[in-house]
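The structure appears below as structure tokens.
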Amino acid sequence: MPLKSLRAALLAALAGAALAPSLSHAQALDLSRYSLSATYHAMVGEASGITYNWDNDSLFIVGDSLQFSELTKTGEIYSYPLPGSNGSGIEAFKDSEGIAYIGNGQYLLADERAMTVSLMVPEATWDMGGGKTRTAYSSKPGAPTYTFGPESPNQGIEGVTWERSTGTVFAIKERREQGVFEADIDFANGASGSHVSLFDPALLGVQSLSDISVLSNSTAFAGRSFADNLLILSATSQVLLEVTRTGEIVSRLDLTGMATKIEGVTVDNDGVIYLVGESGGPSGASALLVLTAPVPEPEAYAMMLAGLAAVGAFARRRSAALRKA
């Protein structure tokens, strides 16, 4: 095979491999590809929940006793959120644990012990200078609230997420009859709705359920076969799971040693995964952890090797044919 033709074939194979992430559909995101790339201060005490705000391209974090922070993806202050004056404020929440962005500056807040998810809407905003703002959010009992069941002392709704494409709410119950719930809730009409158990949590084999996120919210995964999968976090078992909506585990990531009590997970539009832990950040503070994966994906390497193998086989056949001639 002439050198020029071989070079062209090699380039074609490499180009095909480069396009593999967009043309090939893996069955799993494969969490084993991810590793810790950065650690920042989460800017709240005992960080327990995190969500990605796609309108601001920011991270919104909740800690115990209704502490809020909104950070850039590199750990800098984006805004200074705080509980609002609507209703009884902090006292109305028994144990704030999970947070989910639903668009237009609005969030869902999970109250663990009360087994509820409440709508948080901005009620007032102040200019703090330097491009920063401060926003107060309305809180129970003034905001619409959905209840998943009777009160569960420190073992109730630990995490919540909202699927952008369907408006579906997903929530998890931590332990003592663990639960993975899918809910259709109309927060515009008094939080009316219903929920079902998505699958038997025993399939996951973890000691506790700490947070949940949906891969479909990331535009980086649009059209991929694994986009419907869920990320489920267990603080006690120190593991992040990628599972199907029927409870099949398709990949996992060991979180041992990254931080203490990692309780929150979310994913941004670039496919980067963010976690928060009660400690493990700078000077022992609450931690914001950034997990990234190498590019191209392993499937791209497989396509590249397959392409090179095909070129080699073609070259050998061509050489053999020339010798016979």
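Overview of values
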| read-out | value |
| --- | --- |
| Options L198, L109; residue that is of a type outside the set (S, T, Y), surrounded by 14 or more Cβ atoms within 10 Å (Cβ to Cβ) and closer than 19 Å to S65 by Cα | L109 |
| Selection from the range 102-159 of residues that are among the aromatic types (F, W, Y) and in contact with a helix residue (DSSP H, G or I) (Cβ under 8 Å, 6 or more places away or on another chain) | Y146 |
| Count of the range 243-297 residues which are of a type in the set (S, T, Y) and over 16 Å from D30 (Cα atoms) | 6 |
| When residues of the range 163-199 are limited to those that are part of a loop (DSSP other than H, G, I, E, B) and more than 21 Å from the chain's Cα centre (by Cα), the one farthest from V250 (Cα to Cα) | G190 |
| Verdict on V250 being hydrophobic (A, V, I, L, M, F, W, C), closer than 29 Å to S35 by Cβ and buried (at least 18 other Cβ atoms within 10 Å of the Cβ) | no |
| Enumeration of residues in the range 200-211 that are in contact with a Lys or Arg (Cβ under 7 Å, 6 or more places away or on another chain) and part of a helix (DSSP H, G or I) | none |
| Matching residues, the range 212-240, being assigned to a strand (DSSP E or B), in contact (Cβ under 8 Å) with a residue 40 or more places away in the chain and among the hydrophobic types (A, V, I, L, M, F, W, C) | I212, V214, L230, L231, I232, L233, L240 |
| Qualifying residue in the range 84-98 (condition: farther than 16 Å from S286 by Cβ and at pLDDT 85 or above) | no |
| Some residue of the range 251-260 being at pLDDT below 95 and in a strand (DSSP E or B) | yes |
| Top-ranked residue of the range 112-156 - restricted to ones that are free of Cβ contacts under 8 Å to residues at least 12 places away in the same chain and either within 17 Å of D184 (Cα to Cα) or touching a Ser or Thr at 6+ places or on another chain (Cβ under 8 Å) (or both), ranked as surrounded by the fewest Cβ atoms within 10 Å (Cβ to Cβ) | D127 |
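The values are calculated or read from the model by the stated rules, or taken from the named source; none is laboratory data. Just so we're clear, the structure is a prediction, and the values are computed from it rather than from any experiment. Neighbour counts are summed over all protein chains in view; Cβ atoms, including those assigned to glycine, are modelled from backbone coordinates with ideal geometry.
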